[in-house]
Amino acid sequence: MTSIKGLEEIEAMNKTDRLLAIVLELQRKGRQRAEDLAETFETSKRTIYRDILALCEAGVPIISVPGQGYSLMKGYFLPPLSLTIEEATMLLLGGNFMAKNFDAQYRAAAESAIHKIEGVLPETLRSDVQYLQQNIRFIGSITAFDAREQATLQQLRRALLDRNTIRFCYYTRHRSDGQNTPQIREADPYGLTYILNSWHLVAYCHLRQDIRNFRLDRMEELELLPRTFIRPVNFQYRQSEREQERNLTVRVLFDSEIARWVHEGSSYYVTCEEETAAGLLVTLKVRHEREILQWLLSWGRRVKILEPASLQELLVEESQAMLQNYQNVDNLIQVKNSL
């Protein structure tokens, strides 16, 4: 059974933690009303009044404005953590990732850690860190990537923070003209997203005069230009190209026997799946047919394209070209022997 002295020590410890947390909350958010602080710390306004009085008696310069709440005197900070932009960004991004991907207990711990780190950062450093934090996102688990990708990512983070226009050589896999030659692009980087085991850059492309999504592993010869840009204040950050760019509707029917595996290996472009008596009816939205061609070919005879007719023709053409690779057995044997 806990003694009276033990209960007093626990209560004192909790109060000490709350007093520190109140200072961090004021430092992080600015002006806060007593009812706001009471809601945040799940206590009464009377307790907050006593806590504010205790902080003032301890020498913390708190300004009280009737009807508006409490704030710290300008220029007052707790001793700041000695963190660089990169260190603080990684801690906060990691905290956000943990908060979204762990259970409630660790989510609460991660959110608490984020508030504490944000609270002790100087205002100028906090602004840069928050900008990066808001514009770098993680979707799914992160896998290892090579040294070249790491260097590219480092350059892009710097361009994102300093608002530098970038120039790079880009390989587009599914070009509407079927070509695979690289293009030189200049772009204003707006954000980074990690999705489906690859990094993507959301940027304003000067060539297309519009927002585009670039995969980092398709970028080469990246350089930061001395020219800077101003990101539009009304820009809405998204992890992919805009929805209205994918205006070609594709409808395909999968055999019922493989519906489970289609769900598991679903394409990024899928917008709707419907179980029917004939099989799994899947609707996709793409920019052009070649974006979805290889995924459909991977299902072989277990899939039928219902529309558009242009995609049916493209798949027939590709299948015939594949068949030609196996029509001359002698040539295949010669190739095998030459390896």
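Could we say that residue 9 is modelled with pLDDT under 85, within 26 Å of residue 124 (Cα to Cα), assigned to a helix (DSSP H, G or I) and out of contact with any helix residue (DSSP H, G or I) (no Cβ under 6 Å at 6 or more places or on another chain) here? Judged against the criteria, residue 9 is not a match. Pairing each residue of the stretch 270-285 that is outside any strand (DSSP E or B) with any residue that is of a type in the set (Gly, Ala, Ser), provided the two are 6+ apart or on different chains, yields C-beta distances under 9 Å for 277/256; 278/256. Please go through the stretch 21-74 and give me each residue that is assigned to a helix (DSSP H, G or I), within 34 Å of the chain's Cα centre (by Cα) and of a type in the set (A, V, I, L, M), ordered by number. 21, 22, 23, 24, 26, 37, 38, listed by residue number. Of everything in the stretch 236-255 that is assigned to a loop (DSSP other than H, G, I, E, B) and modelled with pLDDT of 80 or more, the residue that is farthest from residue 202 (Cα to Cα) is 255. When every residue of the stretch 272-280 is checked against the conditions, at least one turns out to be surrounded by 12 or more Cβ atoms within 10 Å (Cβ to Cβ) and at negative phi. Taking the stretch 286-323 as the region of interest, how many residues are in contact with a strand residue (DSSP E or B) (Cβ under 8 Å, 6 or more places away or on another chain) and not in a strand (DSSP E or B)? Matching residues across the stretch 286-323 total 11.
Residue 258 satisfies every condition listed in (1) over 22 Å from residue 322 (Cβ atoms); (2) assigned to a helix (DSSP H, G or I) except (1). Inspect the stretch 210-226 for any residue being assigned to a strand (DSSP E or B), over 30 Å from residue 186 (Cβ atoms) and within 24 Å of the chain's Cα centre (by Cα) and give the result as yes or no. Within the stretch 210-226 (the criterion being assigned to a strand (DSSP E or B), over 30 Å from residue 186 (Cβ atoms) and within 24 Å of the chain's Cα centre (by Cα)), the answer is no, since none of the residues qualifies. Among the residues of the stretch 179-209, those identified as among the hydrophobic types (A, V, I, L, M, F, W, C) and part of a loop (DSSP other than H, G, I, E, B) are 196, 207.
Within the stretch 30-40, identify whether any single residue is touching a strand residue (DSSP E or B) at 6+ places or on another chain (Cβ under 8 Å), modelled with pLDDT under 80 and crowded, with 18+ Cβ neighbours inside 10 Å, and answer yes or no. No. Taken over the stretch 286-318, residues that are in contact with a Phe, Trp or Tyr (Cβ under 7 Å, 6 or more places away or on another chain) and modelled with pLDDT under 90 amount to 3.
The values are calculated or read from the model by the stated rules, or taken from the named source; none is laboratory data. As the structure is a computational prediction, the values presented were derived from the model and not from experiment. Note: ideal-geometry Cβ built from the backbone for every residue, glycine included; neighbour counts use all protein chains shown.
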